[in-house]
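We did not get these values from a lab; they are worked out from the coordinates using the rules stated. Fair warning: this is a prediction, and the values are worked out from it, not measured in the lab. Heads up, the Cβs are rebuilt from the backbone with ideal geometry, glycines too, and the neighbour counts pull from every protein chain shown.
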Amino acid sequence: MTDPAAELPFNEQRAEELSPPTTTLPPAAEVLPPSTEAAALLPETRRALLHRLAVGQAEGRTPSLVGAVVREGHLAWTGARSMLAGHAPDEHVQYRIGSISKTFAAVLVLRLRDEGLLDLADPLEQHLPGTAAGGATIRELLSHTAGLSAETPGPWWERTPGELRPELGHLMEDQPFRHATGERFHYSNPGYALLGALVERVRCLPWFDVLRQEVLEPLGMTRTTLLPQVPHAGGFAVHPWADVMLPEPLTDTGLMAPAGQLWSTAADLARWAAFLAGTTPGGTEKVLSAGTLAEMRRPAAAPEGEWAESYGLGLQLVRRDGRLLIGHGGSMPGFLAGLWISPADDVAAVTLTNVTASSTLRNVAADLIGIVAEREPSLPAPWRPFTDADPELLALTGPWYWGSTPVALHLRAGRALELTELGGPARTSWFRPEPDGTWTGLDGYYAGEPLRVVRRADGTVTHLDLGSFVLTRSPYDPAGAVPGGVDPLGWHAG
C-alpha cells in the first residue's frame, strides 16, 4: 500500500508539519530589514502578485509554488499556492534551486580574484592541474565560453549519486571540448564543477564550507544548504497527459554540486537577490565589492546589435517585455527556480516550485517584477547637490569638441565625469576618477579608455586627451594641439 505521505508535495511530512517551526526559523519580518514606506506594496498589487502565483500553480500543474518580491533592497511581498488546501509553504520551506547554485560558485571565484590569488585570464591548469580542461581560462569557465561539453558522460548526473563520479576526470570525456575556447557561448555544467574544485584547491576547504563561511553567514542566509533540511519540498514529475505525479530522487550529486546542488528558500534567495543587485541593506562590501558585482552583471562577451539573451560572470542576462533582467534560472529533477532582478526598476523576484518541467512556470518571476514595476513604478532618488566640487573640475565642465563634433562634460558626485554627445542621438559615457588625476571610461565605446587633462606649463588647460582623441574648447581649436594641425586660413566659405 502506498504511503499517503509520499504523495504530499513536501517530502515525507504530514500536512500539519508543513509550517516552519517558529522556534528555529526567523519571523518573516527578519528575512530582510522591514520594508521602507517606499518599498511597501499596495493591497491591489499584492493581490495581483498572488493571482499570478495562483495561475502559475494551476496552469503549470505543480504541487506548490512560492514567490517573493524584493524592492529597494527590502522584502516587499511573499506568497504561495499549494495543492494542499490550507497548507501552502511559506518563505522558509526549502526547495532545490538548480543552476542558481552557479551564481554562488561565481562569487567565490571572484573573491579569490579580488584577493589576488588568481587572475581570470589564468588557465585552469595553473591552479587546478591535471584536468582535461586545463587550457580553458577561469573567465571562460565563468562565462560558459570555454567550449566544454554541456553535460558529463552518462549516466544522467542530476538523477544519480555523486559516488558514480568520485574524481574530476569522471566529469568529462578525454576530449571534453565541443568548441574552440573563447569562440562562442556554450553552457557547461561540468565547467562549474571545475570552478568549485578550483575554490577547494585554493582555499584548502570543501567548496560549500567556503561558501558558508565567506558568503552565507555574512549575509544571514541560514537556510541555504548543500543537502535538504526540514521543512523542505519533495520533487515530483507530473505526467504530461494525466494529472498524476511521480516522485523524483533527491540525489547528492557530489563533485557536480556547484552546478546545481544547493537547496534554499524564498527568504534566503530574497537576500541573495538584494546582494546581487547591490542593494543589500548595510552594503555588500563584506562579501564582494560593488565594482565586482557590476562586472558580474555585464555581458562577458558583449553581443552585437539587438540581443535577447546573454551571460555575464555567473549571471544570465535576458530582455523581456522591454526590460533588462539579470539573474539565473534553475532546474533539477523535481524542481524549477527563478531569481531575476530589474536594475532599472529596483525590483527583484524569486520563484520556487517542485515540478520537473513546465514551460508555463518559466516566466513567473519575470511577471512578478512586471506587475510591481508597472503598477508601482519606483520613485527616482531626489536630486541633491554635492558639496565637494573642486573649482578646477568645475572649470572643465561644459562644451568641448572632438573635431567639429560637440560634446558636453558634466561633473558628478565623487569627482566622476559624464560625457554626452550633442546635436544627435545622445551617447553618454561615464568616467571613474583615478588616484593619479586621470579618469577611466566605464561603459560604451570608451570603456577602459583613459581620459586625462593636458595642461600648458603655466597650468592652463590646452585640451582633453580621450584615448588619443583630442577634445578642444572650440571646433578644431588651433591652440589645442589638434592632430594633423589646422588650416591656417581657419574656417571659411570654401
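What label, among (i) 29.8; (ii) 20.7; (iii) 42.0, belongs to mean projected area of the Cα convex hull in nm² computed from the structure on display? Step by step, mean projected area of the Cα convex hull in nm² for this structure corresponds to label (i). For region 63-213, the Cβ-based charge dipole about the Cα centre amounts to some 380 debye (Lys, Arg positive; Asp, Glu negative; other atoms uncharged).
Sorting Tyr192, Tyr476 by the number of Cβ atoms found within 10 Å of their own Cβ, with the fewest placed first, yields Tyr476, Tyr192. Among the chymotrypsin sites (Phe, Trp or Tyr not before Pro) found in region 370-405, those both in a DSSP coil and sparsely packed, with 10 or fewer other Cβ atoms within 10 Å of their Cβ, are Trp383, Phe386.
Think of region 39-383 as a dipole: +1 on every Lys or Arg Cβ, -1 on every Asp or Glu Cβ, centred on the Cα centre; then among Leu339, Val66, Gly314, Val66 lies furthest on the positive end.
Protection proxy ranking for 209-218, 260-269, using the average of other Cβ atoms within 10 Å per residue and placing the highest first: 260-269, 209-218.
Looking at region 372-457, which GluC sites (Glu not before Pro) are DSSP coil and have at most 11 other C-beta atoms within 10 Å of their C-beta? Hits after loop and neighbour filter: nothing returned.
For the pair Glu217 and Gln229, label points projected 7 Å from Cα toward Cβ lie 1.3 nm apart. Ordering 455-462, 244-251 by mean Cβ neighbour count within 10 Å, with the highest value first, yields 244-251, 455-462. Applying 0.36 nm per residue to the separation of Arg412 and Asp122 and subtracting their alpha-carbon distance, the gain on full extension is 100.8 nm. What you get for region 39-383, charging only the Cβ of Lys and Arg (+1) and of Asp and Glu (-1), is a dipole of about 600 debye around the Cα centre.
Pulled fully out, how much extra length does the chain show between Leu84 and Glu163, if you take 0.36 nm times their separation in residues and subtract their Cα-Cα distance? All intermediate terms of the calculation are to be shown ahead of the outcome.
Numbers: separation 79, 0.36 × 79 = 28.44 nm, distance 3.54 nm.
Additional length available on full extension: 24.9 nm.
Computed on the chain, with alpha-carbon pairs under 8 angstrom and 6+ residues apart, the relative contact order is 16 percent.
Coupling constants for region 144-154 follow from the phi torsions by the Karplus curve (6.51 cos²θ - 1.76 cosθ + 1.60, θ = phi - 60°), and in residue order they are 6, 10, 6, x, 6, 4, 5, 10, 7, x, x Hz; glycine and proline get x.
Given +1 at the Cβ of Lys and Arg, -1 at the Cβ of Asp and Glu and no other charges, the dipole of region 391-472 around its Cα centre is 80 debye to the nearest 20.
Counting 0.36 nm for each residue step from Thr428 to Phe386 and taking away their Cα separation leaves a gain of 13.0 nm.
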